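Inspection log for the structure reproduced underneath, given as structure tokens.
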């Protein structure tokens with residue numbers, strides 16, 4: 001089975017409605033996990049955490065995984081969307097390689113961003129698409145919104161004690177943690193996510209985090 005639930009972690013951005021719409025369009029079940037804020041889930045299942053946890057959504061991911069009834073979950077932030085056809089790509093890949101536990105998809109920004117070496121700050125890659133190949137992003141923590149076998153979280157949940165200097169790498173560190181504990185990790189090799197697509201069009205949010 002390849003049925004998948006999208007866990008959308010939100011801190012209350014106005015772009016949440018677009019994220020939900022894109023997930024429904026791609027044929028996913030949707031669980032919205034709100035990080036201590038009141039939001040409208042636009043008909044999706046909503047869980048509101050009692051306080052703000054932060055940690056780039058790690059606790060939200062754990063809660064969403066616990067509530068999902070599908071074999072897989074995929075993650076989406078509230079300021080991002082799925083590209084059209086992403087659902088079909090994900091379902092096809094899950095069926096082709098049923099032994100994979102964690103999948104990583106490519107992300108596309110609405111404008112060029114620069115990836116820099118975290119130690120030297122030297123430019124390593126410039127463009128709109130990231131994390132499609134291991135040599136273009138994963139070493140710098142740009143593993144965005146992976147798709148997991150839901151049972152992974154029964155033994156390898158996100159922890160909420162990541163040191164401050166590593167919080168922005170929490171997705172990458174969790175995938176590395178899964179790999180070190182016997183999970184098989186693979187790549188969709190295609191762009192799955194649009195990162196902040198409403199930024200330029202509507203000015204709702206500033207680009208932050210992985211690009212400069």
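Each value in this text was obtained by applying a stated rule to the coordinates, not by laboratory testing. Bear in mind that the values here come from a model prediction, so they are computed numbers and not experimental data. Here the Cβ positions follow ideal geometry from the backbone for every residue, glycine too, while neighbour counts run over all protein chains shown.
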- Item | Sites residue 151 and residue 40, calculated FRET efficiency, Cβ-Cβ separation with R0 35 Å, nearest 0.05 | 0.65
- Message: If R₀ is 30 angstrom, what is the calculated FRET efficiency for the pair residue 110 and residue 189, using the beta carbon separation as r and rounding to 0.05?
- Response: 0.90
- Fully extended, how many nm does the chain gain between residue 17 and residue 47 (0.36 nm per residue separation, minus their Cα-Cα distance)? 9.3 nm
- Extension gain (nm, one decimal) between residue 179 and residue 66, 0.36 nm per residue minus Cα-Cα: 38.6 nm
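According to the square roots a ≥ b ≥ c of the eigenvalues of the Cα gyration tensor, what is the shape class of the range 1-119, taking rounded for a/c under 1.5, prolate for a/b larger than b/c otherwise, and oblate for the remainder?
On the way: a/c = 1.44, a/b = 1.12, b/c = 1.29.
Judged from the Cα gyration tensor, the range 1-119 comes out rounded (a/c under 1.5).
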